[in-house]
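Written out below as structure tokens is the structure these notes cover.
The values are calculated or read from the model by the stated rules, or taken from the named source; none is laboratory data. A quick note: this is a predicted structure, and the numbers were derived from the prediction, not measured. For neighbour counting, all protein chains shown are included, and Cβ atoms are generated from backbone atoms with ideal geometry for every residue, glycine included. Please note that ligands, DNA and RNA were not included when accessible areas were found on the heavy atoms of the full protein model with its side chains. Shrake-Rupley method; radii C 1.70, N 1.55, O 1.52, S 1.80 Å.
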Amino acid sequence: MTIPAAPDRYAFWQNAPLSIAGSRMLVATKPGVFAHGTVDPASMMLAEAVASLGRSTSVHLNCGNGLVPAAAAVAGGASVLWCSDRSLPSVQATERTMLANGIAGSHVVHAHGTHAFPLALAADVVTIRVSTDKLALQQLIWEAFHALRMGGKCYLAGANDEGVKPAVRLLESIFGIARLDAQHSGHRMAVATKTQIAPSSLTDGTSPFLDPDHFRDVPVTVKGVHHTLFSRPGVFSWEHLDEATQILGHLMDIRAGETVLDLGCGAGALGLTAASLSGTGRVLMVDADAEAVRCVARGIAKAELVNAEVRASDVGGAVGAETFDVVVSNPPFHQGKATDLMVPRQFIADAYTHLKVGGRLMLVANRTLPYEQVIADRFGEVRTLHDGRRFKVLGATR
């Protein structure tokens with residue numbers, strides 16, 4: 001599957017053809033979606049595994065672009081599909097993949113794991129595409145065990161350099177036994193069967209984050225403002241305030257009454273601070289990660305901020321026609337382990353779109369990332385507000 005590059009067309013969706021077990025299907029993709037522009041070997045192994053299931057209730061965690069649940073329905077004949085992914089672009093891709101293949105009645109949820117699913121699911125099969133955060137993955141395997149009926153199977157796959165080997169050990173620690181089922185191109189897939197009512201002991205200890213309502217409290221001080229952030233495994237820099245955000249927070253210039261958009265807010269350190277500094281000005285925080293959105297909502301409630309709101313959003317997609325005096329951002333630049341500048345370019349484009357005339361952009365980035373020309377092309381100017389050993393802060397005015 002080769003997808004032509006489409007620079008400056010972040011929102012352009014394509015349907016890529018694939019064949020699984022002799023069945024042709026379409027997979028929706030665009031920049032920002034997992035495995036865009038390539039075929040993920042781990043997802044292919046999972047898709048081939050579920051293609052022979054027949055009528056079943058199947059659950060797909062970290063569903064990505066929807067390839068695996070589509071294979072379960074089109075090639076395998078699965079009758080009930082539940083899918084979740086913490087990434088909003090991936091959820092949108094899965095919904096489009098279902099539609100493109102005429103799959104009706106699937107349930108696609110923007111969430112990490114199964115906590116938004118029915119409690120008595122009794123699934124025949126659960127698939128998990130490995131994520132790199134160990135605690136976040138541990139939660140998925142734990143929830144997979146509880147979502148399965150007795151005799152149901154859990155398939156787990158990922159890349160060696162993503163930690164699939166320790167992930168298989170986690171699978172075995174919860175299910176009691178797991179076996180390697182396939183491997184190629186530096187990827188592995190394992191399968192485990194639920195043969196007991198209660199999960200086995202975890203060799204690395206039971207994490208409190210298996211409970212989806214358990215949050216880490218992170219006290220922070222930014223620009224002299226004290227807040228408690230709430231965080232979950234897999235949220236960007238979830239255990240502490242990262243250095244880049246600290247630098248941007250120190251430089252952040254928010255005046256009384258100004259409106260602020262925190263684009264890619266993570267746990268919300270910048271947006272919560274901006275809401276306190278602005279006082280009466282509206283602050284909107286957006287992020288594509290479902291867990292980040294839950295964390296920020298908790299932080300807003302804790303701080304009793306009546307001028308702050310958080311939304312799930314693919315970059316600025318959920319902002320609508322709103323405009324702001326200030327946009328602050330620490331945009332992501334990785335898609336998996338690879339650097340992908342398409343996403344931060346869209347952050348810059350959306351920042352321009354959602355700034356009032358005279359509004360200000362403040363953006364922090366790794367020192368080596370080439371954002372200056374992108375900002376200058378969009379805004380007509382760019383200023384360096386900080387040039388440090390590891391990070392820089394760039395500014396521009398619309």
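Out of the residues in the range 236-254 meeting the condition of being open to solvent by 40 Å² or more (accessible area, probe 1.4 Å) and touching a residue at least 24 places away in the same chain (Cβ under 8 Å), tell me which one is nearest to Asp133 (Cα to Cα).
That would be Phe236.
What is the number of the single condition among (1) open to solvent by 50 Å² or more (accessible area, probe 1.4 Å); (2) assigned to a helix (DSSP H, G or I); (3) under 23 Å from Pro31 (Cα atoms) that Thr132 does not meet?
(2)
From the list Ser43, Ser52, exactly one residue is of a type in the set (S, T, N, Q) and part of a helix (DSSP H, G or I). Which is it? Write out each step before concluding.
Numbers: Ser52 fails: part of a helix (DSSP H, G or I).
Step by step, each of Ser43, Ser52 is checked, and only Ser43 is of a type in the set (S, T, N, Q) and part of a helix (DSSP H, G or I).
Here is a list: His115, His36, His110. Which entry is open to solvent by 10 Å² or more (accessible area, probe 1.4 Å), closer than 30 Å to Cys295 by Cβ, out of contact with any strand residue (DSSP E or B) (no Cβ under 7 Å at 6 or more places or on another chain) and not β-branched (Val, Ile, Thr)?
Details: His36 fails: out of contact with any strand residue (DSSP E or B) (no Cβ under 7 Å at 6 or more places or on another chain); His110 fails: out of contact with any strand residue (DSSP E or B) (no Cβ under 7 Å at 6 or more places or on another chain).
None of the other options fit; the residue is His115.
Right, Phe347: aromatic (Phe, Trp, Tyr), within 25 Å of Arg86 (Cβ to Cβ) and in contact with a strand residue (DSSP E or B) (Cβ under 7 Å, 6 or more places away or on another chain) or not?
On the way: aromatic (Phe, Trp, Tyr): yes; within 25 Å of Arg86 (Cβ to Cβ): yes; in contact with a strand residue (DSSP E or B) (Cβ under 7 Å, 6 or more places away or on another chain): yes.
Yes: the conditions hold for Phe347.
Arg298 - would you say it is open to solvent by 70 Å² or more (accessible area, probe 1.4 Å), assigned to a loop (DSSP other than H, G, I, E, B) and charged (D, E, K, R)?
Values: open to solvent by 70 Å² or more (accessible area, probe 1.4 Å): yes; assigned to a loop (DSSP other than H, G, I, E, B): no; charged (D, E, K, R): yes.
No, not satisfied.
State whether one or more residues within the range 168-186 are of a type outside the set (A, V, I, L, M), in a helix (DSSP H, G or I) and in contact with a strand residue (DSSP E or B) (Cβ under 6 Å, 6 or more places away or on another chain). Give the derivation first.
Quick first cut of the range 168-186, residues of a type outside the set (A, V, I, L, M) only: 169, 172-173, 175-176, 179, 181, 183-186.
Filter once more, so that each one left must be in a helix (DSSP H, G or I): 169, 172-173, 175.
Narrowing further to those that are in contact with a strand residue (DSSP E or B) (Cβ under 6 Å, 6 or more places away or on another chain): 175.
Yes, the conditions are met somewhere in the range 168-186.
Scan the range 348-363 and tell me whether some residue there is out of contact with any Leu (no Cβ under 6 Å at 6 or more places or on another chain), among the aliphatic types (A, V, I, L, M) and either in a helix (DSSP H, G or I) or at pLDDT below 95 (or both).
Residues of the range 348-363 that are out of contact with any Leu (no Cβ under 6 Å at 6 or more places or on another chain), as a first pass: 348-350, 352-353, 355-362.
Adding the requirement that they be among the aliphatic types (A, V, I, L, M) leaves 348-349, 355, 357, 361-362.
Subset that is either in a helix (DSSP H, G or I) or at pLDDT below 95 (or both): 348-349.
Within the range 348-363, one or more residues are out of contact with any Leu (no Cβ under 6 Å at 6 or more places or on another chain), among the aliphatic types (A, V, I, L, M) and either in a helix (DSSP H, G or I) or at pLDDT below 95 (or both).
Within the range 41-68, take every residue that is without any contact (Cβ under 8 Å) to a residue 60 or more places away in the chain and buried (at least 24 other Cβ atoms within 10 Å of the Cβ) and give me the one that is nearest to Gly158 (Cα to Cα).
It comes out as Ala47.
Looking at Arg216, Arg188, Arg149 in this structure, which one is more than 30 Å from Ser278 (Cβ to Cβ) and open to solvent by 80 Å² or more (accessible area, probe 1.4 Å)? Break it down into steps so the answer makes sense when it comes.
Working: Arg216 fails: more than 30 Å from Ser278 (Cβ to Cβ); Arg188 fails: open to solvent by 80 Å² or more (accessible area, probe 1.4 Å).
That would be Arg149, the only listed residue that is more than 30 Å from Ser278 (Cβ to Cβ) and open to solvent by 80 Å² or more (accessible area, probe 1.4 Å).
When residues of the range 228-264 are filtered for being part of a strand (DSSP E or B) and at pLDDT below 95, how many remain?
Here is the first cut: in the range 228-264, the residues part of a strand (DSSP E or B) are 228-231, 260-263.
Subsequent filtering for residues that are at pLDDT below 95 retains none.
Count: 0.
Starting from the range 160-174, take each residue that is under 11 Å from Met189 (Cα atoms) and list its partners that are assigned to a helix (DSSP H, G or I) and of a type in the set (Lys, Arg), counting only C-beta distances under 9 angstrom and pairs at least six apart or across chains.
Here the result reads Ala167/Lys134, each pair linking the range 160-174 to a residue that is assigned to a helix (DSSP H, G or I) and of a type in the set (Lys, Arg).
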